[in-house]
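Right, one structure below, let's go through it.
The values are calculated or read from the model by the stated rules, or taken from the named source; none is laboratory data. Since we're looking at a predicted model, the values are computed, not measured. In this analysis, Cβ positions are derived from the backbone assuming ideal geometry, glycine residues included, and neighbour counts consider all displayed protein chains.
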Amino acid sequence: MKKGMEQTAGVRGERRKPQPFLMVLLVVVITLLAVGLIAVSVELRPPYRYVAGAGLTLCILTLTLFLTFEWWRFREQNKEYIDEITDLNLRFGILADAVSAVSSTLDIEELVANILGVMLTLTNSKIGVVLVPDEDMKYLQVLSYRGFQEQAVRGLKLPVDHGSIGRAFTTGQVIIRDNLPLDPKAHETYTEGKSPRSQIIMPLKAKGQTVGVAVTATCEEHEYKPEEVSLLSSLCHELAVAMINVELYQKSQKTLEWLAETQEYTEHFIQEMLAGVMVVNNEGDVIYFNREAGEILKIEPKEVIGLNYRDLVKEREKFRSLSFLQPILRLSLEEERTFRRHEIVIEGPEGGRMVLNYNAFPMHRARGEKMGAALVFMDVTSVKEMEARLRQQEHLSILGQMAAKIAHEVKNPLFAIIGLAEELEEEEQDPERKALLSMIRQEATLSNQWISGMLTFSRSPVSPREEGWVYLEKELPALVADFLRVNAKDDVKVVQDLEDGLPPVMLSRDNIRHIIFNLMENAMHALPDGGVITIRAHDRGDGFVEMRVEDTGTGIPPEVLPSVFQPFFSTKDGGTGLGLSIVQKIVLDSGGDVEVFSQHNMGTTFILKLPVRGVSHEPTG
Amino acid sequence: MNPPDKAKLLIVDDNEGVRHLVSRWLEKAGFAVSEARDGAEAVDMVRRDPPDLILADIRMPKIDGIELARIVKSEFPDTKIILMTAYSSPQTIAQARREGVDDYLEKPFTKDQVESIALSVMSRE
């Protein structure tokens with residue numbers, strides 16, 4: 001062969017044919033000899049019998065010699081076959097090892113290294129490499145190698161459209177190269193420092209795709225026999241199948257991991273989201289009930305999961321709130337109805353009214369088949385309440401603006417009327433006219449009180465910082481004394497029980513005056529037959545001082561109690577109905593709260609939560 | 001206590017009844033009282049003959065009480081000023097204080113209240 005010549009592998013060598021003529025000859029000779037011996041012993045007499053006997057013996061000797069020679073020749077011929085069969089046996093053993101290596105590991109590098117080892121053994125080579133294409137299928141990269149220096153193959157990239165290796169990859173044909181040129185840098189490239197002389201390049205093909213190239217090389221001239229090539233091809237096919245399988249396995253493994261991770265994320269997300277989530281399967285069994293759902297409906301998720309949504313109330317009375325959601329789930333599950341941003345008012349787990357916003361929808365698999373229904377809900381009770389309160393505030397604010405405008409226009413003339421009537425009253429000598437002027441003054445004064453009350457009520461909230469602060473310990477006794485100077489009754493006892501060292505509260509002096517005067521006036525009013533008014537204050541320790549104004553009076557009728565803070569609501573003759581509204585407004589504006597408790601003929605208690613100065617408070621109103 | 005030798009006092013209010021009533025009270029208390037119907041008229045009068053004390057309503061057309069106080073205090077720092085109000089928010093009061101207003105009175109007030117505040121403001125340095 002010419003130097004550096006390469007060829008595409010085909011079938012080569014002669015076939016050994018069987019030689020039946022030898023067997024036929026042997027049978028004929030033996031038959032003739034047998035016939036001869038019978039004839040000699042039956043027909044001939046001495047001396048012919050001896051002559052014929054000697055001739056036959058000579059023939060037998062000759063035959064024996066011939067057979068011995070043939071036997072020897074046969075042996076010599078068979079030896080080559082036996083060796084070949086033994087060799088093939090060995091090779092098939094190696095192939096079996098290779099197949100078991102293929103199925104024993106899912107680590108692609110380990111697998112390729114094993115098979116490469118087998119290939120080297122088969123071809124009696126010491127140099128070998130397996131290359132695989134990169135993602136763009138533009139270059140072949142080394143996946144495994146033997147007999148190379150590491151630096152020679154590290155980062156090696158062979159273009160797929162160039163060279164014998166590239167061609168073997170793109171065409172899918174086995175390429176054998178002989179008489180390779182001597183590599184002057186062999187000592188840098190190969191571990192044994194010797195340049196390869198022969199090389200076989202085999203594509204790794206399976207299932208219609210080429211997944212790489214295997215190359216083995218020998219440093220001596222090597223003739224690749226057809227059996228060898230065919231065996232190597234099978235091996236390469238096995239390797240390619242294994243590589244595809246490993247890749248598929250790794251992909252599916254990654255997909256599984258990704259799925260598991262996604263499920264974990266989803267689980268976590270659903271658990272932590274600020275909405276209740278309830279999912280039922282096609283049978284209606286609850287398969288999901290997140291923490292927030294439990295929080296909203298005061299149910300432990302594990303108590304509900306596994307139950308059928310239709311049986312919830314039957315199961316336990318505590319699932320009552322949840323049962324209000326049954327009809328929605330039924331419509332989504334059985335009639336495949338979808339609800340978006342709907343609202344429902346239910347009886348909450350603690351008995352009160354609860355407003356829920358919800359989405360409900362049937363759930364389908366990607367292929368379209370139904371897999372259940374889900375309900376996502378949020379408790380918006382407090383939001384709804386706040387909205388209602390805001391609407392009320394807006395309403396009051398408009399009312400307030402109007403009132404302020406009217407009041408302003410009326411207060412000035414009233415002031416003039418009161419003052420001028422008083423002037424005239426002072427100067428008037430006629431008692432009848434004096435009385436009339438006094439009536440003018442009193443009526444105008446009453447109107448003025450009304451309007452002042454409305455004005456205070458309509459005043460927009462001001463930040464407590466602007467309003468200042470007071471020490472109740474100091475202010476309360478002075479205010480109570482002020483009040484009693486005009487309003488004291490002999491049969492009403494006023495007791496003050498104030499904790500020492502109370503922190504200052506975020507109310508102006510005017511406001512605390514309004515509060516105390518109003519509450520004490522109401523208490524006095526509730527004590528027509530005398531009794532006790534107690535004013536208490538103590539530090540709650542949570543940024544609020546609690547102040548109580550208690551009386552032992554007639555109490556507020558239960559039907560009236562919810563309305564006491566409503567503006568313009570009054571049970572007193574001549575009352576403006578603004579006193580307690582203003583008290584509530586002042587307290588709410590300051591960030592505090594006020595409550596009232598009353599029992600018929602047992603008395604009434606107002607409890608005020610007043611914010612302490614220097615502690616951050618959000619207005620509760 | 002009497003105002004120092006007929007102290008000059010200007011009452012500014014768009015309500016005639018209020019003007020009349022307060023002038024009457026303070027004349028009796030010994031002030032030499034003049035009247036203005038609004039802030040603009042008051043500014044003219046003050047520039048012609050600055051009074052010792054001004055009693056002005058906060059809500060007035062054209063120039064309101066706070067604007068009047070700002071003008072007076074910048075041009076005549078010795079003139080004292082008390083604002084009257086039928087309705088005001090704490091923010092308004094705070095703004096009035098920043099403009100150098102000496103005191104304020106909430107309507108309705110009595111003769112004694114206005115007299116004592118006027119005298120107390122006048123006695124301040």
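Miscellaneous remarks
- When each of A:Ile270, A:Ile296 is tested for being modelled with pLDDT under 85, over 30 Å from A:Glu109 (Cβ atoms), surrounded by 15 or more Cβ atoms within 10 Å (Cβ to Cβ) and under 23 Å from the mean Cα position of the chain (by Cα), the lone residue that passes is A:Ile270.
- Residue check, A:Ile440 within 14 Å of chain B (Cβ to nearest Cβ), surrounded by 19 or more Cβ atoms within 10 Å (Cβ to Cβ), over 30 Å from A:Ile287 (Cα atoms) and β-branched (Val, Ile, Thr): no
- Restricted to the range A:203-289, the set of strands (runs of 3 or more DSSP E) holding at least 1 residues that are closer than 20 Å to A:Asn124 by Cβ comprises A:209-218.
- The residues in the range A:504-543 that are closer than 15 Å to A:Leu484 by Cα and of a type in the set (Ser, Thr, Tyr) can be counted, and the count is 1.
- Annotation: of all residues in the range A:582-613 being polar (S, T, N, Q) and not in a loop (DSSP other than H, G, I, E, B), the one that is farthest from A:Trp469 (Cα to Cα) is A:Gln599.
- Of the criteria (1) closer than 17 Å to B:Arg97 by Cα; (2) within 13 Å of another protein chain (Cβ to nearest Cβ), which one B:Lys28 fails: (1)
- Exactly one residue out of B:Val43, B:Val33 is in a strand (DSSP E or B) and either surrounded by fewer than 20 Cβ atoms within 10 Å (Cβ to Cβ) or away from chain A (no Cβ under 12 Å) (or both): that is B:Val33.
- Condition check for A:Val29: surrounded by fewer than 12 Cβ atoms within 10 Å (Cβ to Cβ), modelled with pLDDT of 75 or more and part of a helix (DSSP H, G or I): no
- Some residue of the range A:554-568 being touching a strand residue (DSSP E or B) at 6+ places or on another chain (Cβ under 7 Å) and small (Gly, Ala, Ser): yes
- Residue, surrounded by the most Cβ atoms within 10 Å (Cβ to Cβ), within the range B:105-117, restricted to residues that are part of a helix (DSSP H, G or I) and within 13 Å of chain A (Cβ to nearest Cβ): B:Val114
- Single unsatisfied condition, B:Val18 versus (1) hydrophobic (A, V, I, L, M, F, W, C); (2) within 13 Å of chain A (Cβ to nearest Cβ); (3) closer than 20 Å to B:Gly100 by Cβ; (4) assigned to a helix (DSSP H, G or I): (3)
- Odd one out for B:Lys62 among (1) within 13 Å of chain A (Cβ to nearest Cβ); (2) on the phi > 0 side of the Ramachandran plot: (1)
- Only residues that are in a strand (DSSP E or B) and out of contact with any helix residue (DSSP H, G or I) (no Cβ under 8 Å at 6 or more places or on another chain) were counted across the range A:530-549, and they come to 9.
- When restricted to residues that are crowded, with 17+ Cβ neighbours inside 10 Å and among the charged types (D, E, K, R), the range A:512-535 contains 1.
- Test result for B:Lys73, more than 20 Å from B:Gln113 (Cβ to Cβ), touching a Gly at 6+ places or on another chain (Cβ under 7 Å), more than 14 Å from chain A (Cβ to nearest Cβ) and surrounded by fewer than 17 Cβ atoms within 10 Å (Cβ to Cβ): no
- Some residue of the range A:388-401 being surrounded by 16 or more Cβ atoms within 10 Å (Cβ to Cβ), more than 14 Å from chain B (Cβ to nearest Cβ), under 51 Å from the mean Cα position of the chain (by Cα) and not in a helix (DSSP H, G or I): no
- Residue within the range A:357-366 that is free of Cβ contacts under 8 Å to residues at least 24 places away in the same chain and part of a loop (DSSP other than H, G, I, E, B) present: yes
- Selection count, the range A:586-617, where residues are more than 44 Å from the chain's Cα centre (by Cα) and not aliphatic (A, V, I, L, M): 11
- A single entry from A:Leu180, A:Leu158, A:Leu120, A:Leu116 fulfils the requirement of being part of a strand (DSSP E or B) and in contact with a strand residue (DSSP E or B) (Cβ under 9 Å, 6 or more places away or on another chain): A:Leu158.
- Of all the criteria given as (1) assigned to a strand (DSSP E or B); (2) in contact with a Phe, Trp or Tyr (Cβ under 7 Å, 6 or more places away or on another chain), the one not satisfied by A:Arg340 is (2).
- Every residue from the range B:84-104 that is touching a residue at least 24 places away in the same chain (Cβ under 8 Å), of a type in the set (A, V, I, L, M) and within 14 Å of chain A (Cβ to nearest Cβ): B:Met84, B:Ala86, B:Ala96
- Residue check for A:Ala52: part of a helix (DSSP H, G or I), touching a residue at least 24 places away in the same chain (Cβ under 8 Å) and surrounded by 11 or more Cβ atoms within 10 Å (Cβ to Cβ): no
- The one condition from (1) away from every other protein chain (no Cβ under 14 Å); (2) within 20 Å of A:Ser508 (Cβ to Cβ) that B:Met122 does not meet is (2).
- You will find that of B:Ile54, B:Ile11, the residue that is away from every other protein chain (no Cβ under 14 Å), within 11 Å of the chain's Cα centre (by Cα), of a type in the set (Val, Ile, Thr) and in a strand (DSSP E or B) is B:Ile54 and no other.
- The single residue among A:Gln173, A:Gln151 that is in a loop (DSSP other than H, G, I, E, B) and polar (S, T, N, Q) turns out to be A:Gln173.
- Flag for A:Arg340 being out of contact with any helix residue (DSSP H, G or I) (no Cβ under 6 Å at 6 or more places or on another chain), modelled with pLDDT of 85 or more and either within 14 Å of chain B (Cβ to nearest Cβ) or more than 30 Å from A:Ser581 (Cα to Cα) (or both): yes
- Verdict on A:Ala416 being out of contact with any strand residue (DSSP E or B) (no Cβ under 8 Å at 6 or more places or on another chain), free of Cβ contacts under 8 Å to residues at least 12 places away in the same chain and crowded, with 16+ Cβ neighbours inside 10 Å: yes
- The range A:464-511, residues that are surrounded by fewer than 19 Cβ atoms within 10 Å (Cβ to Cβ) and within 14 Å of another protein chain (Cβ to nearest Cβ): A:Arg465, A:Glu466, A:Gly468, A:Ser508, A:Arg509, A:Asp510
- Of residues in the range A:503-521 being within 27 Å of A:Thr552 (Cβ to Cβ) and outside any helix (DSSP H, G or I), the one nearest to the chain's Cα centre (by Cα): A:Val505
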